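Shown next, in structure tokens, is the structure this report addresses.
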Amino acid sequence: MTVMDQASGLRAMTRRPESRAQTLAITSGKGGVGKTNLAVNLAAVLGSMQRRVVLLDADLGLANADILCNVQPRFNLAHVVAGQRALSEVLTPVPAGFSLIPGASGLAKMADLTEADRTRIVNELGLLDESADALIIDTGAGIGRNVLSFTSSADHVVVVTTPEPTAITDAYAVMKVLVRCGTSGRISIMVNMARNRDEALQVHERIASVARQFLKADVAFSGYVLADVAVQQAVRKRAPFVLQYPNSGAAQCVRAWANRIDHHVDVSTNASRPGFFSRLASWWR
């Protein structure tokens, strides 16, 4: 499937009433752990599997996924919220094989809209639930209200951390808030910039064991991505490292992660369950 074919398919908003898009929120306790880079590269790999993938840049403070995607969007989600553009005009085809919804602070204004405006926006955004296979949400870092609205509404929340003690502590803090907020989706840990698999497993077990003891919650191991010079080299070129350096250790890790996620994308979600954007609107209300 070419990029143009994929973009056309998404813009046509073909309805698939038998299923809904799998929604994956990628978040972190602190900045600088590579969250956005992982989201972009995951979207690129899933797109190469001929999945209809949409990446929503929901980092309302530092939206920069467009830079890593090497695109210059004319419009963003704030234009949809303001009623100035349709979603089809905001969806930006990315050469890597997926579509991007550029982020903007306008999304935070959803809570201040009238019920009629919220319904209009949710109905339009809700078409993504039926036209895409996977919706990846790159949230901001931390435990702010906007971050929690996305993570609480997603089917699966991936908390990104590194082996650094401060990142681990902050990742657990996010986990604690997610559990106490009653997040309905499953929660897992992704260890970025790991030296090897053993180190990543140790980081996961540190967080998971505390979560079991104090939160009575099971936290899955989403995987790990090796520390790799290819990552920063690709960032400088504004390209996903899975495409720029496909044989790098980091790229192999992301492909393994995508294969595990793709297994879940194969299974249709319950069409009777409210879509992601409907759940998000309820949270904002």
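Each reported figure results from applying straightforward, stated rules to the coordinates on display, with no laboratory input. Since the model is a prediction, treat every value here as computed from it, not as a measurement. We place every Cβ from the backbone using ideal geometry, glycine too, and count neighbours over all the protein chains shown.
Of note:
- Environment charge at Val160 (Cβ cut-off 13 Å; Lys +1, Arg +1, Asp -1, Glu -1): -2
- Cα shape, the stretch 23-280, gyration tensor, a/c 1.5 rule: oblate
- Think of the stretch 23-280 as having a plus end and a minus end, set by charges on the Cβ of Lys, Arg, Asp and Glu; of Gln50, Val81, Ala256, Ala256 sits farthest toward the positive end of this dipole.
- Within the shell defined by Cβ-Cβ distances under 14 Å, the residues around Lys30 carry a net charge of -2, with Lys and Arg each +1 and Asp and Glu each -1.
- The modelled label-to-label distance for the pair Arg195/His263, using points 7 Å beyond Cα in the direction of Cβ, is 2.9 nm.
- Spin-label model distance (nm) - Val229 vs Asn70, 7 Å beyond Cα toward Cβ: 2.1
- With each label modelled as a point 7 angstrom along the Cα→C-beta vector, the Ser184-Lys216 pair spans 2.1 nm.
- Efficiency of FRET between Ser88 and Arg238 - r from beta-carbon atoms, R0 22 angstrom, step 0.05: 0.30
- In loop segments of the stretch 153-216 as defined by DSSP, the trypsin sites (Lys or Arg not before Pro) with at most 14 further C-beta atoms inside 10 Å of their C-beta are Arg195, Lys216.
- Residue-by-residue Karplus 3J(HN,Hα) for the stretch 45-59, coefficients 6.51, -1.76, 1.60, Hz, glycine and proline x: 5, 4, x, 5, 8, 6, 8, 7, 10, 10, 9, 9, 7, 9, 7
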